[in-house]
Amino acid sequence: MRQLAPDLMLDSAGTAGWHAGDTPYGPMQAAAKARGIDLSGLRARQFAAADFDAFDLIVAMDRQNQRDIEKLRPRGNTTPVRRMADADVPDPYYTRDFDGALDIIAAAARRLLDDISRTQDR
């Protein structure tokens with residue numbers, strides 16, 4: 001997404017804090033690097049209720065993450081939360097299909113940017 005829309009303020013966060021401060025998982029970094037995407041500068045952080053005020057849109061990778069995010073929504077906040085793709089993005093840590101996850105994310109990122117562009121044109 002950062003390569004497709006470098007002018008947007010983007011961030012990434014998990015719904016659990018197990019790996020806060022860590023770099024992305026090595027095999028995912030390798031798969032991304034093979035596509036010209038450098039993830040080495042990223043560090044994990046946990047999603048927080050304050051993110052609802054900090055961002056105009058929150059994107060979840062799967063239904064469970066979306067539910068976990070919604071549990072943190074401050075009362076009265078209307079920031080949209082949507083899934084990245086129509087279907088859940090499988091966690092490549094468990095599936096071991098890092099390239100497949102990147103394919104899904106790349107296609108979904110393009111659709112998401114198209115949706116944002118159409119919304120802004122209205």
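Data table
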read-out	value
Sorted by Cβ density within 10 Å, fewest first, the residues 55, 47	55, 47
Dipole axis of the chain (+1 Lys, Arg; -1 Asp, Glu on Cβ), positive-most option in 100, 12, 27	12
Separation of alpha-carbon centers, the stretch 1-38 and the stretch 51-82, rounded to whole Å	19
Qualifying trypsin sites (Lys or Arg not before Pro) in the stretch 53-111, DSSP loop, other Cβ atoms within 10 Å at most 15	75, 96
Cα-only radius of gyration and Dmax that characterise the stretch 26-122, units Å	14.8, 43
Debye, to nearest 20: dipole size of the stretch 6-78, +1 on Lys, Arg Cβ, -1 on Asp, Glu Cβ	220
Segments 1-14, 22-35 sorted - mean Cβ within 10 Å per residue, highest first	22-35, 1-14
Cβ-placed point charges (K, R +1; D, E -1), dipole of the stretch 26-121 about Cα centre in debye, nearest 20	220
Cα-projected label distance for residue 2 with residue 35, points at 7 Å along beta-carbon direction, nm	1.4
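None of the figures in this text is laboratory data; all of them are computed from the coordinates on show. Since the model is a prediction, treat every value here as computed from it, not as a measurement. Positions of Cβ are backbone-derived with ideal geometry, glycine not excepted, and every protein chain shown enters the neighbour counts.
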